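Below is one structure; the comments refer to it alone.
No lab work stands behind these numbers, since they all come straight from the coordinates. Worth saying up front: this structure is predicted, and the values here are computed from it rather than measured. We place every Cβ from the backbone using ideal geometry, glycine too, and count neighbours over all the protein chains shown.
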Amino acid sequence: MYGNLAHNIYAQNNVGIESPAKLIEMLYEGILRFNAQAKKALKDGDIEKRIYWTNRSIAIITELITTLDMSQGDVSEYLSGLYNYEIQLLSSVGFGNGEEKLTEASNVFRTLLEAWREANDVAK
């Protein structure tokens, strides 16, 4: 449901993307941006915006899941499980400790983004 939405938004806004690797980087950055917006809405007590921004993050994570190449073995399996856990975490932001859950999810994606950038710098 959300998967193609995230990809289409980024594709429309960034017609000149150099590579699929750059798209993954942008998706991770989008999650971090949307989680920051959700955290601000949570602090402001704006439930509607919190839901909107967490749903945007979930849409991107769903897109990341659909693009996994499961034939790649353990890494794909690990990422699938991690992404699904992050969806569950973000889905429960409204049920107590929301700020901690958003921070946890952001920390995971910040780490993934750093690792992705490092791996792609080495590959060049």
Kirkwood Rh (inverse of mean 1/r, distinct Cα pairs), segment 38-94, angstrom | 12.2 Å
How large is the Kirkwood hydrodynamic radius of segment 3-123, in angstrom, based on all distinct alpha carbon pairs?
-> 14.8 Å
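Note down the relative contact order for segment 3-123 as a percent, whole number, built from C-alpha pairs under 8 angstrom at least six residues apart. Intermediate results must be reported in sequence, preceding the final value.
Values: 103 pairs, mean separation 36.7, N = 121.
So the answer I get is 30 percent.
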Measure off 7 Å from each Cα along the Cα-to-Cβ vector at Val122 and Ser71, then give the distance between these two points in nanometres to one decimal.
-> 2.4 nm
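Which chymotrypsin sites (Phe, Trp or Tyr not before Pro) in segment 34-124 sit in a loop by DSSP (not H, G, I, E or B) and have at most 12 other Cβ atoms within 10 Å of their own Cβ?
On the way: sites: Phe34, Tyr52, Trp53, Tyr78, Tyr83, Tyr85, Phe95, Phe109, Trp116; in loops: Phe95.
Listed in order of number, the matching sites are Phe95.
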Cα to Cα, under 15 Å, and not fewer than 8 places away if on the same chain: which aspartates and glutamates meet these conditions relative to Lys43?
-> Glu99, Glu100
